[in-house]
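A short write-up of the structure that comes next.
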Amino acid sequence: MTEPYVKLNIKNEVGYIEFFHPSHNSLPSSLLSELARTISNAGEDSNIKVIVLKSGGDRTFCAGASFEELVDINDEETGRVFFSGFANVINAMRKCPKFIIGRIQGKTVGGGVGLASATDYCMATKFAAIKLSELNVGIGPFVVGPAVQRKLGLSAMSQIAIDANSFYSAEWAQEKGLFTKVFKSTEELDEAVTAFTEKLCSYNPKAMSEMKTMFWRGTEDWDQLLIQRAKISGRLVLSNFTKDTLRQYK
């Protein structure tokens, strides 16, 4: 696999949404837009009762924002638009009327932690360590912060946001509530995801939709909140500190 993609595959009434980028499943604007659109469309597809969010490859779920795109941001509006891409995906997941099950096969960083946190039920392998690395490059997890805090709590979220250079184990993430179950291998994870989602498909779709609305109560302001946070990130990415740091990665 060398070309980035977002694809939807429907099997036994489960919609499997998979994204991929050759650079450790990082997410440039184009993929973020396509991912948000695919999630919204799947939510309206009558052939789908439950959604699985997954990524291609073996050991990395998502490396977060595309550094190549970040280093080319030269004005606040471009920065706002880029970081709004993550906001739009999280809001699409939040507003989707169907349960979204996360399948996290490997490490996830920054925005990827936000995506995992925005799922309704999330399973992982023991390789799925997490890190909020944004402070390392002079910004912060502003856009994904509300989703991560909602799932892990303020204390755990602030811990990994401040300790931006450390990976936290999948077992730690399970203890804090991000992952529901942790498996020894991707094969075991996939077997569990398949069995779990197909069981969910036997339940009343209207009941699941009402439950999802209940679970996300109190997030109605996220359409505005996450865009406001995107503006903060878009401003900070222009700082000399961040520019110099990103050039090193490039």
In region 154-175, residue nearest to S117 (Cα to Cα) [restricted to those that are in contact with a helix residue (DSSP H, G or I) (Cβ under 7 Å, 6 or more places away or on another chain) and not aliphatic (A, V, I, L, M)]:
Y168
Which pairs have Cβ atoms under 7 Å, sit 6 or more apart or on different chains, and link a residue in region 38-61 that is at positive phi to one that is crowded, with 21+ Cβ neighbours inside 10 Å and not in a loop (DSSP other than H, G, I, E, B)?
none
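Please give the strands (runs of 3 or more DSSP E) falling wholly within region 81-151 in which 1 or more residues are among the hydroxyl-bearing types (S, T, Y). I'd like the intermediate steps shown before the answer.
On the way: elements: 100-104, 107-109, 121-125.
Hits in region 81-151: 107-109, 121-125.
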Residue in region 111-119 that is more than 21 Å from E69 (Cβ to Cβ) and polar (S, T, N, Q) present
yes
Suppose the filter is over 30 Å from F241 (Cα atoms) and in contact (Cβ under 8 Å) with a residue 60 or more places away in the chain; does N12 pass it?
yes
In region 65-79, which residues are touching a helix residue (DSSP H, G or I) at 6+ places or on another chain (Cβ under 6 Å) and either at pLDDT 95 or above or in a loop (DSSP other than H, G, I, E, B) (or both)?
V71, I73
Among (1) closer than 20 Å to A161 by Cβ; (2) surrounded by fewer than 24 Cβ atoms within 10 Å (Cβ to Cβ); (3) touching a strand residue (DSSP E or B) at 6+ places or on another chain (Cβ under 7 Å), there is one condition F142 misses while meeting the rest; what is its number?
(3)
Please give the helices (runs of 4 or more DSSP H) falling wholly within region 200-250 in which 2 or more residues are modelled with pLDDT of 95 or more, basic (K, R) and more than 22 Å from Y121 (Cα to Cα).
222-236
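Scan K54, K95 and give me the residue that is surrounded by fewer than 23 Cβ atoms within 10 Å (Cβ to Cβ) and in contact with a strand residue (DSSP E or B) (Cβ under 7 Å, 6 or more places away or on another chain).
K54
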Test A124 against the stated conditions and say whether it is aliphatic (A, V, I, L, M), at negative phi and in contact with a Phe, Trp or Tyr (Cβ under 6 Å, 6 or more places away or on another chain).
yes
Tally of residues being surrounded by 16 or more Cβ atoms within 10 Å (Cβ to Cβ) and either closer than 25 Å to R217 by Cβ or under 17 Å from the mean Cα position of the chain (by Cα) (or both) across region 168-180:
7
Could you list, in sequence order, the residues of region 1-17 that are surrounded by 17 or more Cβ atoms within 10 Å (Cβ to Cβ) and either polar (S, T, N, Q) or in a strand (DSSP E or B) (or both)?
V6, V14, G15, Y16, I17
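The values are calculated or read from the model by the stated rules, or taken from the named source; none is laboratory data. Quick caveat, the model's predicted, so the values are computed rather than measured. All Cβ positions, glycine included, derive from the backbone under ideal geometry; neighbour counts span all protein chains shown.
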